[in-house]
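Quick notes on the structure that follows.
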Amino acid sequence: MRMVEVGAKEKTERVAVATARVRMAPATLAKLRKTKGKAKKGNVLEAARLAAIMATKRTPDIVPLCHPIAITGVDASVEPVTVGVEIRVEVRTVDRTGVEMEALMGASAAALTVYDMLKGEDRGMVIEKVQLEHKSGGRSGTWNR
């Protein structure tokens, strides 16, 4: 194993977007909508959004051989949809390596937070479709799902 050498690479603007979904029982979703995101532990949607932002910054602590990078911005949204909650995390940097892992980590942490805060209501929730939607910058250019 080795960490990829990026020292000779040029710093460029890089962006990555990842998404995830937490599928839940219709009754759980209805209750979440009715309470505007609030549950026994607090506001599920805001806690998940904060978890996404915090997780992007801790990615190199969790993913082996992942470079620590200077994140310049994170936008995270956690929204109820027809089957559960959709999560979208966009991460930006000007650095020598991309932010795909940071975006995926943010989406995953947000999904886990939703599950944690609602597990008392619905242990059958499913975290699914954690995926990269977009990346731009660097030598490989732009990629879209």
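The values are calculated or read from the model by the stated rules, or taken from the named source; none is laboratory data. Worth saying up front: this structure is predicted, and the values here are computed from it rather than measured. When we count neighbours, we look across all protein chains shown, and the Cβ atoms used for this are built from the backbone with ideal geometry, even at glycine.
Within 29 Å of ALA8 (Cβ to Cβ), touching a residue at least 40 places away in the same chain (Cβ under 8 Å), out of contact with any strand residue (DSSP E or B) (no Cβ under 6 Å at 6 or more places or on another chain) and charged (D, E, K, R): is that true of ARG96 in this structure? Lay out the reasoning, then the answer.
Details: within 29 Å of ALA8 (Cβ to Cβ): yes; touching a residue at least 40 places away in the same chain (Cβ under 8 Å): yes; out of contact with any strand residue (DSSP E or B) (no Cβ under 6 Å at 6 or more places or on another chain): yes; charged (D, E, K, R): yes.
For ARG96, the condition - within 29 Å of ALA8 (Cβ to Cβ), touching a residue at least 40 places away in the same chain (Cβ under 8 Å), out of contact with any strand residue (DSSP E or B) (no Cβ under 6 Å at 6 or more places or on another chain) and charged (D, E, K, R) - is met.
For the stretch 83-121, give me the residue count where each residue is at pLDDT below 95 and part of a loop (DSSP other than H, G, I, E, B).
So the count comes out to 6.
For the stretch 110-131, what are the residues that are under 18 Å from SER77 (Cα atoms) and among the aliphatic types (A, V, I, L, M)?
Start the filter on the stretch 110-131 by keeping residues that are under 18 Å from SER77 (Cα atoms), which leaves 110-118, 127-131.
Across the stretch 110-131, the qualifying residues are ALA110, ALA111, LEU112, VAL114, MET117, LEU118, ILE127, VAL130.
Can you tell me which residue is surrounded by the most Cβ atoms within 10 Å (Cβ to Cβ) among those in the stretch 1-48 that are touching a Leu at 6+ places or on another chain (Cβ under 6 Å) and within 17 Å of THR97 (Cβ to Cβ)?
If we take residues in the stretch 1-48 being touching a Leu at 6+ places or on another chain (Cβ under 6 Å) and within 17 Å of THR97 (Cβ to Cβ), then ALA18 is surrounded by the most Cβ atoms within 10 Å (Cβ to Cβ).
When you go through GLY37, GLY98 one by one, which is the residue that is touching a helix residue (DSSP H, G or I) at 6+ places or on another chain (Cβ under 8 Å) and of a type outside the set (D, E, K, R)?
Working: GLY98 fails: touching a helix residue (DSSP H, G or I) at 6+ places or on another chain (Cβ under 8 Å).
Just a single option satisfies the conditions, and that option is GLY37.
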